[in-house]
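Please read the structure below before turning to the comments.
The values are calculated or read from the model by the stated rules, or taken from the named source; none is laboratory data. Computed from a predicted model, the values in this text were never measured in an experiment. Cβ sites come from the backbone with ideal geometry, for glycine too, and all protein chains shown count toward neighbours.
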Amino acid sequence: MKHFNKILRIAILAAACCIGLAAPQEAQARSGEECPDDVVMPLCSWQSDINREFARWKSKFDYDDCDISEDLDDLKPPKKCTGGTVTVVLDDCDNPSDNCQSSFTVVKPPEPEGDCPSDKTIGPCVTQGEVEKAFKDWLDEFEVVDRCDVNNDIGGFQGYPRAPDFCGGSTTVTYVVKNKIDCYEPFTCTRTFTVLPTEDPVLFCPPDPMLPACLSQAEVQQEFQDWLGQFAVVDACPGTVGRFTFPPQAPGKCGGSVSVTYTAVTPNGCGMSFCSSTFTVAPDNEPPMGTCPAGADDLTCLSEVPEPDADAIAANYTDNCGIVIGVLTSVELDEDDCDFTVTHNYRIYDDCGNFTPCSITYSGGDDVPPTGTCPTGGQVASLDDVPTPDPDFIANNYTDNCGQVWAQVLSTSQTGSACTGLTVTHTYSVGDNCGKDNNVICAVSYTVAPNGTAPISGTCPAPVTNLQCWDDVPTAAQAQVTMQNAFPGATAVLIGSTNTNNYCTFSTAYAFSVTDPCTGNRTICVLEYSGQDLTPPAPTNGGCPAGVTASVVPDPDPAGVAAGYTDNCSSVHAYRVGTTLSGMNVTYHYRVYDDCDNSVVCSVTHTGGIARPGNGPADTGTPTALQLKAYPNPTSGELFIEFGELSYETATVTLSNLYGQEVFRRIMTLDAPTQQLNLSGEGLSNGTYLLTVRTQDAYTTQKIVLNR
């Protein structure tokens with residue numbers, strides 16, 4: 001059965017109405033109708049809770065079975081969003097006084113509502129921390145207005161609100177309150193949080209000053225500091241301080257400009273301003289003014305030129321700003337014999353570096369030679385008593401108008417003879433420092449009394465026998481001087497010479513005719529010079545070289561070995577006389593000799609060789625001397641070689657000139673005690689040669705002279 005306006009009325013009829021039952025008897029059997037208490041659901045209840053409580057409420061009705069109970073079962077609870085009341089009335093058929101009724105009520109829920117604060121504005125001149133705190137506190141003021149008994153509405157912000165930047169800006173937030181039981185659209189409110197922008201500081205920069213020239217540095221410095229003190233912050237956030245970008249330095253007093261930049265930043269760093277101004281000191285470009293003193297052009301001596309005096313020159317000048325300083329920049333000297341020109345170059349500065357040049361020239365010339373008395377010589381007992389020329393002694397007898405006097409020997413001459421008397425004259429040139437044109441001549445003569453008819457004494461010089469080299473022998477002219485010294489005053493004339501010289505053993509004799517000019521007596525004297533080169537080459541250029549370690553042993557190098565030696569009289573030569581093999585070692589044995597066959601041995605060992613170069617025999621031991629004799633020597637071409645013993649082996653015979661160049665080679669078999677060589681047909685020049693005979697185990701070298 002349907003409900004009617006949500007109120008159901010059930011009437012319980014009498015027995016006549018209830019299929020013939022006697023009403024009184026049934027009324028007596030019933031205890032009466034019972035209805036539950038009225039139910040009012042909490043505001044904003046869920047529909048499920050309403051349904052559950054509604055079912056429980058219906059279950060509490062008590063009525064007779066004859067009542068129409070299905071009508072109660074068909075009752076529907078009110079809706080959570082629209083609300084409403086369901087009332088049930090039970091009519092007691094027997095006793096109307098037992099009639100009852102009960103209501104189930106759902107109140108329509110209120111719409112969601114929020115409490116939103118007003119828009120918020122802070123700043124300027126705030127920090128980010130202050131903004132963050134104020135923004136959080138403002139957000140905390142947004143809240144939900146609770147009007148439900150249960151299931152209160154829920155509030156929150158759209159997105160994730162962030163505080164604006166502390167330098168300025170705004171953030172708009174939307175607060176949303178949602179109905180928890182979904183009966184209404186959400187409640188929204190929009191508010192804005194604003195940070196006022198921090199303005200840039202307002203600064204004052206003073207105008208650009210222009211200071212006049214000629215101020216002192218202290219005055220410029222004071223003006224500069226006073227000017228800097230005018231820079232100021234006019235309007236800005238509290239705590240804003242102005243500073244100069246760089247520590248300002250005042251310009252120099254001589255002129256210049258300094259630009260400074262004044263900067264101010266707000267404490268929060270959001271506002272910044274700067275301004276620039278320039279402090280200028282007018283330059284001093286005027287150099288000192290005055291008159292450069294005149295020099296002199298009639299000086300005689302260079303010593304008359306005054307010493308440079310920069311302070312005295314500066315006294316002739318003044319400057320627009322006061323200070324004057326003289327500086328000598330250079331001294332120029334131009335001399336030509338006795339004439340001279342000296343220029344003193346100055347600069348007259350002020351203390352700003354402006355200068356005026358000043359050049360003073362002094363000139364003149366010394367045409368006066370030294371004056372004095374040339375000393376006399378005198379008579380001496382002999383030539384040995386004639387003094388040695390002494391320029392200093394001569395110079396001390398003179399003076400010069402300009403100072404120092406010098407003397408030099410021009411010549412020494414001898415006239416006369418010991419018989420008639422000798423005169424020795426020392427001629428000097430005496431001058432000053434002006435040059436040769438101011439010279440005077442001083443001649444000092446010494447005389448030796450005539451010897452008369454007395455003979456000149458002297459003896460023939462002794463032979464010189466200890467010379468080392470043939471070129472140590474004096475020339476004929478040198479020997480003549482020696483002879484004249486042996487017979488003072490006599491005349492020595494070369495009348496002949498002999499020379500025995502095979503380069504290594506030499507002898508030279510000079511024959512002189514010595515005539516006594518006083519008596520006319522004539523004596524023959526012979527000067528003999530002889531010697532012999534017996535000194536072998538010496539290792540003065542590095543000596544015997546060291547060997548090397550290499551996979552391939554280098555070739556023999558006689559020239560390289562010879563280069564390590566020098567000789568007292570001649571050039572040095574070398575040749576390989578043998579090779580020794582020992583394991584991986586190869587030793588080259590060299591004979592190092594001079595042009596006179598004086599020799600030393602040099603052995604060079606190379607290590608690690610695989611290939612062993614060289615065109616000589618490979619020895620298994622140190623080579624030994626081969627005993628032989630070669631004759632005649634000197635030879636005209638036919639040469640016999642006689643061996644000490646026969647070995648019946650092959651020998652190599654070579655001839656080399658004194659420069660180590662091989663000029664002859666012959667292979668022979670030592671099967672006879674004497675072997676013969678004919679050199680006349682070999683086209684050899686006369687001279688000295690080195691004869692070398694080499695076998696596998698021995699060698700020898702002798703000097704041979706070929707003279708055809």
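Worth a mention:
- Scanning region 296-326 for residues that are touching a Phe, Trp or Tyr at 6+ places or on another chain (Cβ under 8 Å), surrounded by fewer than 16 Cβ atoms within 10 Å (Cβ to Cβ) and either of a type in the set (S, T, N, Q) or over 30 Å from GLN404 (Cβ atoms) (or both) yields no hits at all.
- Considering (1) surrounded by fewer than 14 Cβ atoms within 10 Å (Cβ to Cβ); (2) of a type in the set (Val, Ile, Thr); (3) not assigned by TED's automatic domain parsing to the domain that holds ASP165, the lone condition that THR190 does not fulfil carries the number (3).
- Here region 488-515 is the region considered, the condition is being in contact with a Cys (Cβ under 8 Å, 6 or more places away or on another chain) and among the hydrophobic types (A, V, I, L, M, F, W, C), and the residue that is farthest from SER382 (Cα to Cα) is CYS504.
Per-residue answers, yes or no, for (1) outside any strand (DSSP E or B); (2) among the hydroxyl-bearing types (Ser, Thr, Tyr):
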| position | (1), (2) |
| --- | --- |
| GLU130 | yes, no |
| SER170 | no, yes |
| THR174 | no, yes |
| TYR184 | yes, yes |
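- Taking region 449-485 as the range and being under 13 Å from CYS525 (Cα atoms) and crowded, with 18+ Cβ neighbours inside 10 Å as the test, the residues that pass are GLY458, ALA479, MET483.
- Selection status of GLY364, outside any strand (DSSP E or B), of a type outside the set (A, V, I, L, M, F, W, C) and under 30 Å from TYR317 (Cα atoms): no
- Some residue of region 551-569 being in contact with a helix residue (DSSP H, G or I) (Cβ under 9 Å, 6 or more places away or on another chain), among the aliphatic types (A, V, I, L, M) and either surrounded by fewer than 19 Cβ atoms within 10 Å (Cβ to Cβ) or under 27 Å from THR465 (Cα atoms) (or both): no
- Looking only at region 46-82, residues that are outside any loop (DSSP other than H, G, I, E, B) and at pLDDT 85 or above come to 14 in all.
- Apart from one condition, VAL281 fits all of (1) loosely packed, with under 15 Cβ neighbours inside 10 Å; (2) in contact with a Pro (Cβ under 8 Å, 6 or more places away or on another chain); (3) farther than 30 Å from PRO197 by Cα; the exception is (1).
- Residues in region 284-295 that are buried (at least 17 other Cβ atoms within 10 Å of the Cβ) and either in a loop (DSSP other than H, G, I, E, B) or out of contact with any helix residue (DSSP H, G or I) (no Cβ under 9 Å at 6 or more places or on another chain) (or both): ASP284, PRO287, PRO288, GLY295.
- Odd one out for LEU658 among (1) at pLDDT below 85; (2) touching a helix residue (DSSP H, G or I) at 6+ places or on another chain (Cβ under 7 Å); (3) not hydroxyl-bearing (Ser, Thr, Tyr): (2)
- The selection criterion, being surrounded by fewer than 17 Cβ atoms within 10 Å (Cβ to Cβ) and either closer than 30 Å to LYS253 by Cβ or touching a Leu at 6+ places or on another chain (Cβ under 6 Å) (or both), holds for SER216.
- Among the residues making up region 199-212, those that are in a loop (DSSP other than H, G, I, E, B) and either touching a Phe, Trp or Tyr at 6+ places or on another chain (Cβ under 8 Å) or over 27 Å from TYR262 (Cβ atoms) (or both) are CYS205, PRO206, ASP208, PRO209.
- Test: residue in region 102-119 that is out of contact with any His (no Cβ under 7 Å at 6 or more places or on another chain), under 30 Å from PRO197 (Cα atoms) and charged (D, E, K, R): yes
- Whenever a residue of region 327-342 is over 24 Å from ALA310 (Cβ atoms), it has no partner that is of a type in the set (Phe, Trp, Tyr) and not in a strand (DSSP E or B) lying with C-beta atoms less than 8 angstrom away and at least six residues away or across chains.
- Residues of region 213-230 that are part of a loop (DSSP other than H, G, I, E, B) and either outside the structural domain of THR261 (by TED's automatic domain parsing) or out of contact with any Cys (no Cβ under 6 Å at 6 or more places or on another chain) (or both): ALA213, LEU215, SER216, GLY229, GLN230.
- Answer from VAL233, VAL241, VAL260 - the residue that is among the hydrophobic types (A, V, I, L, M, F, W, C), free of Cβ contacts under 8 Å to residues at least 60 places away in the same chain, surrounded by fewer than 16 Cβ atoms within 10 Å (Cβ to Cβ) and in contact with a strand residue (DSSP E or B) (Cβ under 9 Å, 6 or more places away or on another chain): VAL241
- Selection of region 626-653 for residues being at negative phi, at pLDDT 80 or above and among the small types (Gly, Ala, Ser) yields ALA630, SER636, ALA651.
- Positions within region 304-326 being small (Gly, Ala, Ser), farther than 14 Å from ARG347 by Cβ and without any contact (Cβ under 8 Å) to a residue 40 or more places away in the chain, in sequence order: ALA312, ALA315
- Residue within region 344-353 that is touching a residue at least 60 places away in the same chain (Cβ under 8 Å), within 48 Å of the chain's Cα centre (by Cα), surrounded by fewer than 20 Cβ atoms within 10 Å (Cβ to Cβ) and within 30 Å of LEU215 (Cα to Cα) present: yes
- Residue satisfying all of: in region 139-172; in contact with a helix residue (DSSP H, G or I) (Cβ under 9 Å, 6 or more places away or on another chain) and β-branched (Val, Ile, Thr); surrounded by the fewest Cβ atoms within 10 Å (Cβ to Cβ) among these: VAL150
- Residues within region 111-136 that are more than 60 Å from the chain's Cα centre (by Cα) and over 15 Å from TYR175 (Cβ atoms), tallied: 4
- Subset of region 232-258 (residues that are more than 46 Å from the chain's Cα centre (by Cα) and in a loop (DSSP other than H, G, I, E, B)): ALA236, CYS237, PRO238, GLY239, THR240
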